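**Q** Dropping a structure here in structure tokens format, bear with me for questions.
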Amino acid sequence: MLQKRSALLAVSLAFAAGAAQAQISDGVIKIGVLNDMSGLYADLTGPGSVVAARLAVEDFGAAKKGMKVEIVSADHQNKPDVGSAIARTWYDTDKVDVIVDVPTSSVALAVSQITKDKGKAFLVSGAATSDLTGKACSPNTIHWTYDTWMLANGTGNAIVKTGGDTWFFITADYAFGHALERDTEAVVLKTGGKVLGKVRHPLSTQDFSSFLLQAQASKAKIIGLANAGGDTINSIKQAAEFGIVKAGQNLAGMLVFLPDIHALGLQTAQGLIFTETFYWDLNDNTRAFTKRFSAQAPRNLYPSMIHAGVYSAVIHYLKAIEAIKSDDGTKVIAQMKKMPTDDPLFGKGSIRADGRKLHPAYLVEVKKPSESKGPWDYYKVRNTLPADQAFRPVAEGDCPLVK
Amino acid sequence: MTEIFGVPTQALFGQLLIGLINGSFYALLSLGLAVIFGLLNIINFTHGAQYMLGAFFAYFLLNKAGLGYWWSLAIAPLASGAFGMLIERTMLKQLYKLDHLYGLLLTFGLALIIQGLFRNEYGSSGLPYPIPEELSGARNLGFMFLPNYRAWVIFASLVVCVGTWFVIERTKLGSYLRAATENPALVQAFGINVPRMITLTYGFGVGLAGLAGVMAAPIYQVSPQMGADLIIVVFAVVVIGGMGSIMGSIVTGFALGLVEGLTKVFYPEASNTVIFIIMAIVLMIKPAGLFGTQR
């Protein structure tokens, strides 16, 4: 069977004009979108990421170029074991060539390892831990949208500089929370601040009042929320209930996304400062993309930076395949690192040897209800960090690939 | 300042109070489950979804009909209860003669369907619901800053729990109910409409879940998963208290809220497992639960 197929392939190589397909395993480029489709991260990633991937394939013009691209998706339920099992099945039996998105750092770390073992490609948009380009970096993984170091650097620096020099962390108790807390603590200490205490809560907690009370008792000026999605929403909402900001302490949401603000409402979220690498209202390109995205997304959601990252990563991935005419994971990733990136959402950028995608980051502040002109008009961009300053210098990452 | 294991006593008081507030929700929900199990022998896995429905009813009433929190407090439990009775009449009724397992499977399936539909429609981040004007703000108790709304939650759930216990254990209506579970044929022979009583009881249990949902809406996001996150813990509460024991579920609900609150101070990483550890221990020592009797 196999021999027959390679014979056929050889024939088509010799005669067919569309030779581009020849090196593509089984003639189809199969993209697997793996993320949280039903839990606390579903609005930030979930079905929206599938929409973003679809738009990327469309905009790349795969059909016109004679490339056959298929998208499959699955729900990893934020569980590393579930995610690993899906990744293995996809690679081994479903002929998936690349896995994209994968929020939840613990799952992403597991998938990264599997991808490396199988020689496939992994484009991370959803997960945050900076270890993916640090001690756990891989020649088969590119970390696209953001990471914990960048968040800590962007948000942490800005807050310490404006006088927030004592911190208390409320941290999600898994790989992501630990990495975010570690990276933020480093920034706080480096800029002369102090960490007065920390508390770790299980992923997907409903009631944060106990943790908030401990934060209040610490008398820290800043309560750093090293969590995400539903956990951050509940923390912020309940902090308002307990009058924490009114009493003089400030919240630092270390990882906040546009859909979180949408869910909280401006009344509760106003004044929050955090870092994002994408906002829908940055320029004409982002606005045009958002219009198309929203039309297809569930409940007409606007894109989070994770969705934007999936779009940008998939486009660049397809460009690399077009250039080398092969979908071999290791080779494509190497090619992606060689080529400069350019897409409507993140503009021009590049990918470093350790797998870190570089682009600018934006320090944003949530508008007051009176400042917002309409639905989804939520951010004021306070500062732009250029690409070379936004992310961790390659030498500090301890990535074995660049030693 | 005096300290207990490195935690100032004052802070500890605050944490105990917080635990009590969470315990209120456990108590309200496990009470409904206990009533339903005690009187219908149905393990109602839809309870979490019905709690979520209560919160969504409150959200709809506010945003579509302009009716505020207090109206919701009255209407949402009735609406959830009516929905519950519909389920009982059309589906659960068929299962009374079968093993518990069938009721469990049916209600679990229903819960998945309801949650899935709501997630499709409203997403996972949830919808905001404001704290009612009258109960916004907070007071300083000296050892902690207590939001007025949370104080109301403790008060309201205590009243509802004690009221329910009183009706079932101390009134004539309650005695009919209890008799009907022991021997429905005999009670029916006395001219009492047992099937209708069972329907109303299920409706009441579901109504309690809806009520808890309304009370939870201003504290948490109104989100499709809110019930799924809670229901497993609540089942553990019911098992620890003793399946079907009314008093057991109330006392255990509040007590486990306290235990969980303390865990969040001393070893927060274990705060979502501590209840199950207690459940395992209780089941080993007293398989029928703390307040349960072996049937």
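The values are calculated or read from the model by the stated rules, or taken from the named source; none is laboratory data. A quick note: this is a predicted structure, and the numbers were derived from the prediction, not measured. Using ideal geometry, Cβ is built from the backbone for each residue, glycine included, and neighbour counts are taken over all protein chains shown.
**Q** Which one of these does B:Ala58 not meet: (1) assigned to a helix (DSSP H, G or I); (2) out of contact with any strand residue (DSSP E or B) (no Cβ under 8 Å at 6 or more places or on another chain); (3) touching a residue at least 24 places away in the same chain (Cβ under 8 Å)?
**A** Only one criterion in (1) assigned to a helix (DSSP H, G or I); (2) out of contact with any strand residue (DSSP E or B) (no Cβ under 8 Å at 6 or more places or on another chain); (3) touching a residue at least 24 places away in the same chain (Cβ under 8 Å) is unmet by B:Ala58, namely (2).
**Q** How about the range A:8-47: which of its residues are closer than 30 Å to B:Met226 by Cβ and at pLDDT below 90?
**A** Residues satisfying the conditions are A:Ser38, A:Gly39, A:Leu40.
**Q** Among the helices (runs of 4 or more DSSP H) contained in the range A:94-164, which hold 3 or more residues that are within 23 Å of A:Val402 (Cβ to Cβ)?
**A** The qualifying helices (runs of 4 or more DSSP H) are A:105-118, A:148-151.
**Q** Check A:Lys368 against each of (1) assigned to a loop (DSSP other than H, G, I, E, B); (2) under 16 Å from the mean Cα position of the chain (by Cα) and name the one condition it does not meet.
**A** Checking A:Lys368 against (1) assigned to a loop (DSSP other than H, G, I, E, B); (2) under 16 Å from the mean Cα position of the chain (by Cα), the one that fails is (2).
**Q** Failed condition for A:Phe278, given (1) within 17 Å of A:Thr166 (Cβ to Cβ); (2) at pLDDT 90 or above; (3) part of a loop (DSSP other than H, G, I, E, B); (4) of a type outside the set (Val, Ile, Thr), with all others met?
**A** The one condition A:Phe278 does not meet is (1).
**Q** Return the residues of the range A:24-66 that are in contact with a Pro (Cβ under 6 Å, 6 or more places away or on another chain) and either among the charged types (D, E, K, R) or part of a loop (DSSP other than H, G, I, E, B) (or both); say none if nothing qualifies.
**A** Answer for the range A:24-66, where residues must be in contact with a Pro (Cβ under 6 Å, 6 or more places away or on another chain) and either among the charged types (D, E, K, R) or part of a loop (DSSP other than H, G, I, E, B) (or both): A:Asp36, A:Tyr41, A:Asp43, A:Leu44, A:Thr45.
**Q** What pairs can you find where one residue is in the range A:256-270 and within 7 Å of another protein chain (Cβ to nearest Cβ) and of a type in the set (Asp, Glu), the other is crowded, with 19+ Cβ neighbours inside 10 Å and in a helix (DSSP H, G or I), and their Cβ atoms are less than 6 Å apart, with a gap of 6+ or different chains?
**A** Between residues of the range A:256-270 that are within 7 Å of another protein chain (Cβ to nearest Cβ) and of a type in the set (Asp, Glu) and residues that are crowded, with 19+ Cβ neighbours inside 10 Å and in a helix (DSSP H, G or I), the close pairs are A:Asp260/A:Thr232; A:Asp260/A:Ile233.
**Q** OK, next. Cβ-Cβ below 6 Å, separation at least six or inter-chain, first residue in the range A:29-40 and over 14 Å from A:Ala56 (Cα atoms) and more than 14 Å from chain B (Cβ to nearest Cβ), second in a strand (DSSP E or B) and among the aliphatic types (A, V, I, L, M): which pairs?
**A** As it stands, the answer is A:Leu34/A:Ala74; A:Leu34/A:Ile99, since those pairs meet every condition given.
**Q** Being farther than 30 Å from A:Ala215 by Cα, over 18 Å from the mean Cα position of the chain (by Cα) and assigned to a helix (DSSP H, G or I) narrows it down to one of B:Ile36, B:Ile75, B:Ile87, so name that one.
**A** Being farther than 30 Å from A:Ala215 by Cα, over 18 Å from the mean Cα position of the chain (by Cα) and assigned to a helix (DSSP H, G or I) holds for just one of B:Ile36, B:Ile75, B:Ile87, which is B:Ile87.
**Q** Among the residues that make up the range A:175-187, is at least one of them within 28 Å of A:Ala390 (Cβ to Cβ), of a type outside the set (D, E, K, R), assigned to a loop (DSSP other than H, G, I, E, B) and away from chain B (no Cβ under 14 Å)?
**A** Looking through the range A:175-187, none of the residues is within 28 Å of A:Ala390 (Cβ to Cβ), of a type outside the set (D, E, K, R), assigned to a loop (DSSP other than H, G, I, E, B) and away from chain B (no Cβ under 14 Å).
**Q** Here's another thing I want to ask about it. Checking the conditions here, which among A:Ala390, A:Ala334 is assigned by TED's automatic domain parsing to the domain that holds A:Ile29 and either more than 14 Å from A:Trp149 (Cα to Cα) or touching a Ser or Thr at 6+ places or on another chain (Cβ under 8 Å) (or both)?
**A** Going through A:Ala390, A:Ala334 in turn, just one is assigned by TED's automatic domain parsing to the domain that holds A:Ile29 and either more than 14 Å from A:Trp149 (Cα to Cα) or touching a Ser or Thr at 6+ places or on another chain (Cβ under 8 Å) (or both): A:Ala334.
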